[in-house]
1. Restricting to region 226-246, count the residues that are within 21 Å of residue 205 (Cα to Cα) and either more than 19 Å from the chain's Cα centre (by Cα) or among the aliphatic types (A, V, I, L, M) (or both).
2. If you scan region 4-41, which residues turn out to be in a helix (DSSP H, G or I), within 16 Å of the ligand (Cβ to nearest atom) and either at pLDDT below 60 or of a type in the set (A, V, I, L, M) (or both)?
3. If we keep just the residues of region 49-62 that are in a loop (DSSP other than H, G, I, E, B) and either within 12 Å of the ligand (Cβ to nearest atom) or touching a residue at least 40 places away in the same chain (Cβ under 8 Å) (or both), which is most open to solvent (accessible area, probe 1.4 Å)?
4. Checking residue 85 against (1) within 20 Å of residue 188 (Cβ to Cβ); (2) surrounded by fewer than 18 Cβ atoms within 10 Å (Cβ to Cβ), which test does it fail?
5. Looking only at residues in region 164-181 that are more than 10 Å from the ligand (Cβ to nearest atom) and free of Cβ contacts under 8 Å to residues at least 40 places away in the same chain, which one is surrounded by the fewest Cβ atoms within 10 Å (Cβ to Cβ)?
6. When you go through (1) outside the structural domain of residue 142 (by TED's automatic domain parsing); (2) of a type in the set (Val, Ile, Thr); (3) crowded, with 21+ Cβ neighbours inside 10 Å one by one for residue 65, which number turns out not to apply?
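The values are calculated or read from the model by the stated rules, or taken from the named source; none is laboratory data. Fair warning: this is a prediction, and the values are worked out from it, not measured in the lab. So basically every Cβ, Gly included, is an ideal-geometry build from the backbone, and we count neighbours across all protein chains shown. Surface areas here come from the heavy atoms of the whole protein model, side chains and all, with no ligands, DNA or RNA. Shrake-Rupley method; radii C 1.70, N 1.55, O 1.52, S 1.80 Å.
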Amino acid sequence: MRGSKRGSLVFEWKTTFKNVVVLTGAGISAESGVATFRDNGGLWAEHRIEDVATPDAFAMNPVLVQDFYNKRRAQLKEVEPNAGHRALTRLQQELDGNVTIITQNVDDLHERSGSHDIIHMHGELRKVRCRACATVHQWQEDCFQETACPTCGRQVVLRPHIVWFGEMPFYMDLITQKLQVCDLFISVGTSGNVYPAAGFVTHVQQVGHAHTIEINLESSEGVSYFAEARHGRAGDLLPALIDEILSVKVA
Ligand code: BV8
């Protein structure tokens, strides 16, 4: 990559990147008012992972788990995409190349920002899945144990369409394909604690020809694997970075 790691020769960027992969975590939705996980007052401060986000937890206390996801699903009605989400939508619209968003987030703020090619590797709050007929349903309201599956009619079968700890993330083959060919890997708002997502940057490094940038409020667990790191709020840093990539002269 010609040009300095920290700065950017604007034109270089526009002509070089054809396959951009952006990995997002809870930090990109923080400025929209969606709680992150590990920050103070984060979700894991209120709930133990093993009580609400594992298959065993659902087996032992399905009412608690359904309530945990019902509350988060209901909160989606009170939040809106922020400048960070919109900057990625702009990159997708204006870059003459592919931009894939791999998100660990289960909210729908990337979609509501107008983005496409979004891979929800940990599932979506606005979907439930029937454990009997395996149908995945779009779902806006609360879901309870007695709620019947709209397809097979059975009760006590619907579960949040969410990847819990110990479960295989969704779309891993597609994700591996995208990481294989990406020439710019941007990680936004993730602490780098949860695998396999936290290992994507090393995978990209191994494949070898991508530039890698971390955008996060603070250094993540994997910051040393990135060629470039910019620390601050995604809502400020992402629009500036997208400007650079799209080589718009920044005032
Ligand atoms: C699996 C859905 C087999 C649920 C989630 C290897 C080593 C060690 C452990 C493992 C390993 N491999 C597997 C494991 C086990 C486990 C794991 O990683 N455990 C951790 C705790 C050690 N992984 C699994 O179980 C995974 N499954 O491995 O299956 C397999 C193996 C190989 C290949 C295929 C399959 C499944 C994990 C998925 C669990 N489900 N979510 C729900 O949402 O309720 S994970 C959930 O937590 C999120 O989706 C996300 O992934 C994670 C939270 O992380 P972040 O999003 O990064 O959020 P966090 O709060 O931590 O950080 C926010 C960051 O933003 C902070 O750094 C903060 O500074 C920053 N920030 C805040 N505000 C801003 C900001 N940045 C910018 N701007 C701001 N304004």
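1. As a first pass, look at region 226-246 and keep what is within 21 Å of residue 205 (Cα to Cα): 226-231, 241, 245.
Those left that are additionally either more than 19 Å from the chain's Cα centre (by Cα) or among the aliphatic types (A, V, I, L, M) (or both): 227-229, 241, 245.
The number of residues fulfilling the criteria is 5.
2. If the condition is that a residue be in a helix (DSSP H, G or I), within 16 Å of the ligand (Cβ to nearest atom) and either at pLDDT below 60 or of a type in the set (A, V, I, L, M) (or both), then 28, 30 are the ones that fit.
3. Taking region 49-62 and keeping what is in a loop (DSSP other than H, G, I, E, B), we get 53-54, 61.
Filter once more, keeping what is either within 12 Å of the ligand (Cβ to nearest atom) or touching a residue at least 40 places away in the same chain (Cβ under 8 Å) (or both): 53-54.
Numbers: 53: 5, 54: 22 Å².
My answer is 54.
4. (2)
5. 173
6. With respect to (1) outside the structural domain of residue 142 (by TED's automatic domain parsing); (2) of a type in the set (Val, Ile, Thr); (3) crowded, with 21+ Cβ neighbours inside 10 Å, residue 65 is out only on (1).
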